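Some notes on the structure that comes next.
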Amino acid sequence: MPGFELFGDSERKEVQDVLDNGVLMRYGFDAMRNGHWKAKALESELQNTFKVNHAQLVSSGTAAVSVALASAGVGAGDEVIMPTFTFVASFEAILMLGAIPVLVDIDDTLTLDPKAVEAAITDKTKAVMVVQMCGSMGSMDELKSICKKHNLHLVEDACQAIGGTYKNKPLGSIGDLGCFSFDFVKTITCGEGGAVITNNKQYYTHADHYSDHGHDHAGSDRGAETHPFMGYNFRISELHAAVGLAQIKRLPEFLGIQKKNFNIIREALSGIPEVTFRTVPEGGEENYGFLNFYLPDLETARTVSKEFKSEGIDACFHYFDNNWHYVRKWQHLTEQKSLYPLSPQIEEGLKTLKGKEFPVSDHYIARNLSCLIKLSWTADEVKSRAAKMAKIIKETV
Ligand SMILES: *Cc1c(COP(=O)(O)O)cnc(C)c1O
C-alpha cells in the first residue's frame with residue numbers, strides 16, 4: 001500500500017489508450033472507442049480476481065458502500081451495525097441513505113466483536129457492516145451465522161484489505177455484498193474509484209442502474225433507455241478505470257512485496273515480550289498492507305508513536321488520537337453537526353451516541369499501533385526501519 005508508489009508503463013499505456021480515442025465516459029460512444037472499454041474490462045478483472053459473478057465500478061469506496069446498501073434495499077430508518085473503529089466513510093455511506101449507523105465494539109481482530117453485534121440487533125436492524133480494517137478481517141464465520149440467524153445482510157467493507165483471504169475466499173466476496181476503494185492511497189488505485197462485488201444478480205442489477213441515474217443500460221441508445229427506479233450518479237470515468245485496469249493486474253506483485261516487507265518488520269518486533277500482534281481469525285490471511293501490534297498501555301503507545309515520528313518512522317498510526325478512524329474524535333457525528341436537517345429517525349438514532357463510552361474498543365485502540373507497509377522500500381530501508389522500530393520500543397517499555 002499504496003499502489004501509486006509503483007506507477008509505470010502499464011498505467012501510462014492504459015491511460016494513453018483512453019486519451020487517444022477521446023471517450024472519457026464509460027457508457028456509450030461505441031463507434032469512437034476503437035474497442036476500448038476500460039471500466040468494463042476492469043469489472044471483468046475484478047470478477048476473475050475475486051471469484052464473484054458480478055462487479056460494479058463506482059466513483060469511490062464511500063459510494064460503493066452506499067450503493068451496496070441501497071442495492072440490498074437498506075434505507076430510511078433502517079439500522080446498520082458498524083464498528084467503532086473504521087474510516088468516517090462508513091457512517092457517511094449509511095447516513096446518505098437515511099439509514100441509522102449503530103456503532104458497536106471491536107475485539108482484538110480490530111473489527112466487529114460478534115457478541116457486540118448480536119447484542120445490538122433490534123427489529124429495525126437490516127444489515128451488518130464488517131470493516132476489514134488495516135489489511136485483516138473479522139470473525140467471518142461467526143458474523144455470517146449471526147446474519148443468517150437474524151435474516152440480515154452482511155456487507156463487507158474490504159477497502160483496506162484487498163487481496164486478503166478467509167478460508168481461501170477473497171475478502172469482499174464472503175458477505176452478500178463487498179466493497180473496495182481505489183482512492184489514491186489504497187493498494188490498488190484509480191486516483192478515485194470504488195467497486196461493489198456480489199454473487200447476487202439482482203443486487204448487481206440494482207447497483208448497475210442505481211449508480212447511473214437509474215439507467216437500465218438496455219440497447220445502444222442512452223437517451224431511449226428506461227428508468228425502472230430512481231438512481232444517482234456514482235459513475236467512474238474511463239480515465240480512472242484505465243489506471244485501475246493496469247493496477248489490478250499487478251495485485252499479486254504488490255501483495256508479494258507487502259508480505260516480504262511485513263515479515264521483516266514483524267520478525268524484528270516479535271522478540272519483544274511487551275509486543276503482541278492483532279488476532280487474525282483462523283483460516284485468514286492478511287493482505288499485509290499494515291502491521292498492527294499492541295503495546296502494554298496507552299501511555300507506552302503514545303510515547304512510542306511520538307518517538308517513531310521524531311526518528312523518521314513515518315506512517316505508523318496511533319488511531320486513539322486520530323480524528324478520522326475512531327469514534328473518540330467523531331464529535332461531528334455524535335453532536336449531529338449537519339449542514340441540512342437530519343430526519344427525525346436519524347436524530348433519534350444518533351442520540352444514544354452522545355457522551356457514550358466504548359471502554360472495550362478503547363482497550364484495544366489505545367494500545368494499538370498500525371504501521372503502513374510501503375511497496376517502494378528497498379531491502380536495506382526495511383531492515384534499518386525494522387531495527388530502529390525495535391530499538392525505540394525496547395527503550396520505551
Ligand atoms: C478508504 C476507505 C473508504 C472510502 O473510500 P474512498 O474511496 O476514499 O471514498 C471506506 N472504508 C474504508 C475502511 C476505507 O479505508
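The values are calculated or read from the model by the stated rules, or taken from the named source; none is laboratory data. All of these numbers come straight from a predicted model, not from anything done at the bench. Note: ideal-geometry Cβ built from the backbone for every residue, glycine included; neighbour counts use all protein chains shown.
Before moving on, here are some points about what is shown:
- Of residues in the range 132-157 being within 16 Å of the ligand (Cβ to nearest atom) and among the small types (G, A, S), the one surrounded by the fewest Cβ atoms within 10 Å (Cβ to Cβ): S136
- Residues within the range 179-213 that are more than 23 Å from Q47 (Cβ to Cβ) and in contact with an Asp or Glu (Cβ under 9 Å, 6 or more places away or on another chain), tallied: 1
- The condition of being part of a loop (DSSP other than H, G, I, E, B), more than 13 Å from the ligand (Cβ to nearest atom) and not charged (D, E, K, R) holds for only one of V74, V80, that being V74.
- The range 126-167, residues that are without any contact (Cβ under 8 Å) to a residue 40 or more places away in the chain and touching a helix residue (DSSP H, G or I) at 6+ places or on another chain (Cβ under 7 Å): E142, L143, I146, L154
- Residues in the range 83-128 that are part of a strand (DSSP E or B) and closer than 22 Å to H332 by Cβ: P83, F85, I100, P101, V102, L103, V104, I106.
- Close contacts from the range 255-267, counting a first residue that is under 9 Å from Y288 (Cα atoms) and a second that is buried (at least 20 other Cβ atoms within 10 Å of the Cβ) and at pLDDT below 95, with Cβ to Cβ under 8 Å and a gap of 6+ residues or different chains, come to Q258/M1.
- Given (1) closer than 20 Å to A89 by Cβ; (2) surrounded by fewer than 23 Cβ atoms within 10 Å (Cβ to Cβ); (3) away from the ligand (no atom under 16 Å from the Cβ), number of the condition T198 does not satisfy: (2)
- Residue within the range 174-184 that is closer than 21 Å to A39 by Cα, within 16 Å of the ligand (Cβ to nearest atom) and surrounded by fewer than 23 Cβ atoms within 10 Å (Cβ to Cβ) present: yes
- Taken together, F293, F262 contain a single residue that is outside any helix (DSSP H, G or I) and not assigned by TED's automatic domain parsing to the domain that holds I106, which is F293.
- Only listed residue being out of contact with any strand residue (DSSP E or B) (no Cβ under 7 Å at 6 or more places or on another chain), modelled with pLDDT of 95 or more and within 16 Å of the ligand (Cβ to nearest atom), chosen from S66, S44: S66
- Qualifying positions in the range 286-299 - in contact (Cβ under 8 Å) with a residue 60 or more places away in the chain and surrounded by fewer than 18 Cβ atoms within 10 Å (Cβ to Cβ): P296, D297, L298
- Of all the residues in the range 202-221, those that are at negative phi and at pLDDT below 95 number 2.
- Sole residue being modelled with pLDDT of 95 or more, of a type in the set (G, A, S) and either farther than 21 Å from I365 by Cβ or in contact with a His (Cβ under 7 Å, 6 or more places away or on another chain) (or both), chosen from S60, S90, S136: S60
- Those residues of the range 86-125 which are without any contact (Cβ under 8 Å) to a residue 60 or more places away in the chain, within 14 Å of the ligand (Cβ to nearest atom) and buried (at least 24 other Cβ atoms within 10 Å of the Cβ), in sequence order: A93, I94, T111, L112
- Flag for T187 being assigned to a loop (DSSP other than H, G, I, E, B), within 17 Å of the chain's Cα centre (by Cα) and of a type outside the set (G, A, S): yes
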